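To start, the structure under review is shown below, and the notes come after it.
The values are calculated or read from the model by the stated rules, or taken from the named source; none is laboratory data. What you are looking at is a predicted structure, and each value in this text was computed from that prediction instead of being measured. Cβ placement follows ideal geometry from the backbone for every residue including glycine, while neighbour counts extend to all protein chains displayed. The protein model used for the area step is the full one, side chains on, heavy atoms only, and it has no ligands, DNA or RNA in it. Shrake-Rupley method; radii C 1.70, N 1.55, O 1.52, S 1.80 Å.
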Amino acid sequence: MKRDIKCTINGRQRTFYADPCASVLDVLRDVLHLMGTKEGCGTGDCGACTIIWNGKAVNSCLLLANRMENAEIWTIEGLMKDGELHPIQQAFIEAGATQCGFCNPGFIMRIKAMLEENPDPTDEEITQGLVGNICRCTGYKAIRDAVKIAVKKQRR
Amino acid sequence: MVAPLAKEIFEPETVEEAINILHRKGEDAAIIAGGTDLIISLREGVIQPANIVDIIKLPLNYIKGSRAKGFQIGATTTAKDISTSGLLKKELPILVDAAIHLGGPQTIELATIGGNICNASPCANFTNVLAALDTVIKIKGPDGDREMMLKDFFRGPGITGLKRAEVVTEIEIPAIPGAYGASYVKHTLRKEMDIAIVGAAALIIPDANKVGKIRVALGSVGATVLLAENARKILEGKTFSSRLAESAGKAAAEKDASYIDDVRASAAYRKKITRIAVKKAVLDAWSMAKGGK
């Protein structure tokens, strides 16, 4: 049954009327019209729907909307600041880590959470940190390179 | 399109309240904790309950105790909390290992130890490891509190010994005093992201050069996680050697496990891997018990 849900999305307080038994992914896309978050597999295997929920990178397809109540949520739409791309987004461009682009929002949100936990990951930690995301275009090397570029940018 | 996965969701804040709701709603309710298994079942229509009882607000997120006295872990403790616990890293690293390899980083943030057990998958990481540790499941329900040994908790794939309106609240791992070794070998193709093709967990408490206490638990090679009793009999009380570990692997593969062909592997492949996985788990556990890694 639908109800009012209150939370912070991308730094902004929002109240919206939605079904708490729907997935967060569905609510983001179809109620809040935040289409940046993608649905890939819908079963938690591909990571395309990754968002940051209370500081944790999670698959929004495997989270019910009742858990949005009073939560702090970040999606890809919240990363740009004052017309500037986020350093991770900029790093994706510089490394050529994007082809079709479908997996990018999920990767970028996962990388954001990963670098908040561990600002200077080793190569192995980068690889391990991204095992929950699938890219069918790039072969991952460019994405790993993007993480390294983002680490340097964020250190500045 | 927004497709709600149930009609109503309840968010009890006490175990008693959760039991009352479950009692009232009967068969038409499902418990959600981490949700990483349940939501997939809801989406695929495997289960279609009208009501969901979200137990995340229950005060069941804790890791207490020590190896000398035993550990108590709350049912809604996440794999992330377990994988980052300083206490467990120092005193029970096998459980940290099970948590790290449970799934990708996004899954680990949400998945709970209680959910991993109650989902009753014969492949579940925590269940596989906990079975080797003689774990006890603490249950609360309308008729009061009770306990079950984890090894007796499962009736088949997806089926537990829980009665109507009962909730698993705590996982208790008995004390492991003195020197011990424990190892978990999970064979998969896509590392963390895959469900185990074969899982083998071993616990050894040595008695000088002999194997004192030994438990070998197997995952993905039976209808439930199971204890490999034939492997135990071969090892228990014997002077340890790698040949003995080899024999234990052979006994587990030939007598304890049962195999099916499925999408992840053939029965014949699973049998070969079981033999190797058990041998490796036993060798690693012995090496740890004797002061190795």
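Data table
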{"quantity": "Number of the condition not met by A:Val147 [criteria: (1) open to solvent by 30 Å² or more (accessible area, probe 1.4 Å); (2) not assigned by TED's automatic domain parsing to the domain that holds A:Gly40]", "calculated": "(1)"}
{"quantity": "B:Val129 within 15 Å of the chain's Cα centre (by Cα) and more than 14 Å from chain A (Cβ to nearest Cβ)", "calculated": "yes"}
{"quantity": "Flag if B:Cys118 is in contact (Cβ under 8 Å) with a residue 24 or more places away in the chain and surrounded by fewer than 22 Cβ atoms within 10 Å (Cβ to Cβ)", "calculated": "no"}
{"quantity": "Some residue of the stretch A:13-32 being open to solvent by 20 Å² or more (accessible area, probe 1.4 Å) and either in contact (Cβ under 8 Å) with a residue 60 or more places away in the chain or in contact with a Gly (Cβ under 8 Å, 6 or more places away or on another chain) (or both)", "calculated": "no"}
{"quantity": "Residue count for the stretch B:237-293, restricted to those that are in contact with a strand residue (DSSP E or B) (Cβ under 7 Å, 6 or more places away or on another chain), of a type in the set (Val, Ile, Thr) and either more than 17 Å from B:Gly181 (Cβ to Cβ) or outside the structural domain of B:Val221 (by TED's automatic domain parsing) (or both)", "calculated": "2"}
{"quantity": "Hey, B:Asp54 within 13 Å of chain A (Cβ to nearest Cβ) and not hydrophobic (A, V, I, L, M, F, W, C) or not", "calculated": "yes"}
{"quantity": "Residue match in the stretch B:165-182 (condition: out of contact with any Phe, Trp or Tyr (no Cβ under 8 Å at 6 or more places or on another chain), buried (at least 22 other Cβ atoms within 10 Å of the Cβ), farther than 25 Å from B:Tyr62 by Cα and in contact (Cβ under 8 Å) with a residue 12 or more places away in the chain)", "calculated": "no"}
{"quantity": "Cβ-Cβ under 9 Å pairs, at least 6 apart or on other chains, the stretch A:129-156 side among the polar types (S, T, N, Q), far side open to solvent by 50 Å² or more (accessible area, probe 1.4 Å)", "calculated": "A:Thr138/A:Thr98; A:Thr138/A:Gln99; A:Gln154/A:Pro119"}
{"quantity": "When residues of the stretch B:84-97 are limited to those that are modelled with pLDDT of 95 or more and closer than 26 Å to B:Leu189 by Cβ, the one surrounded by the most Cβ atoms within 10 Å (Cβ to Cβ)", "calculated": "B:Leu95"}
{"quantity": "From A:Gly101, A:Gly139, A:Gly78, A:Gly129, residue being at positive phi and at pLDDT 95 or above", "calculated": "A:Gly101"}
{"quantity": "Some residue of the stretch B:67-76 being open to solvent by less than 40 Å² (accessible area, probe 1.4 Å) and without any contact (Cβ under 8 Å) to a residue 40 or more places away in the chain", "calculated": "no"}
{"quantity": "Some residue of the stretch B:32-43 being part of a strand (DSSP E or B), at pLDDT 95 or above and surrounded by 14 or more Cβ atoms within 10 Å (Cβ to Cβ)", "calculated": "yes"}
{"quantity": "Residue among A:Glu84, A:Glu72, A:Glu94, A:Glu77 that alone is away from every other protein chain (no Cβ under 14 Å), out of contact with any Lys or Arg (no Cβ under 6 Å at 6 or more places or on another chain), within 24 Å of B:Leu38 (Cα to Cα) and open to solvent by 20 Å² or more (accessible area, probe 1.4 Å)", "calculated": "A:Glu72"}
{"quantity": "Some residue of the stretch B:267-288 being farther than 27 Å from B:Leu189 by Cβ and either crowded, with 22+ Cβ neighbours inside 10 Å or not polar (S, T, N, Q) (or both)", "calculated": "yes"}
{"quantity": "Breaking point among (1) crowded, with 17+ Cβ neighbours inside 10 Å; (2) more than 14 Å from chain A (Cβ to nearest Cβ); (3) under 25 Å from B:Arg24 (Cα atoms), for B:Gly144", "calculated": "(1)"}
{"quantity": "Enumeration of residues in the stretch A:46-65 that are crowded, with 22+ Cβ neighbours inside 10 Å and not aliphatic (A, V, I, L, M)", "calculated": "A:Cys46, A:Gly47, A:Cys49, A:Thr50, A:Trp53, A:Asn59, A:Ser60, A:Cys61"}
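Yes/no per residue for (1) farther than 24 Å from A:Val31 by Cα; (2) in contact with a helix residue (DSSP H, G or I) (Cβ under 6 Å, 6 or more places away or on another chain):
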| position | (1), (2) |
| --- | --- |
| B:Ile9 | no, yes |
| B:Glu16 | yes, no |
| B:Glu27 | yes, no |
| B:Leu42 | no, no |
| B:Asn61 | yes, no |
| B:Asp81 | yes, no |
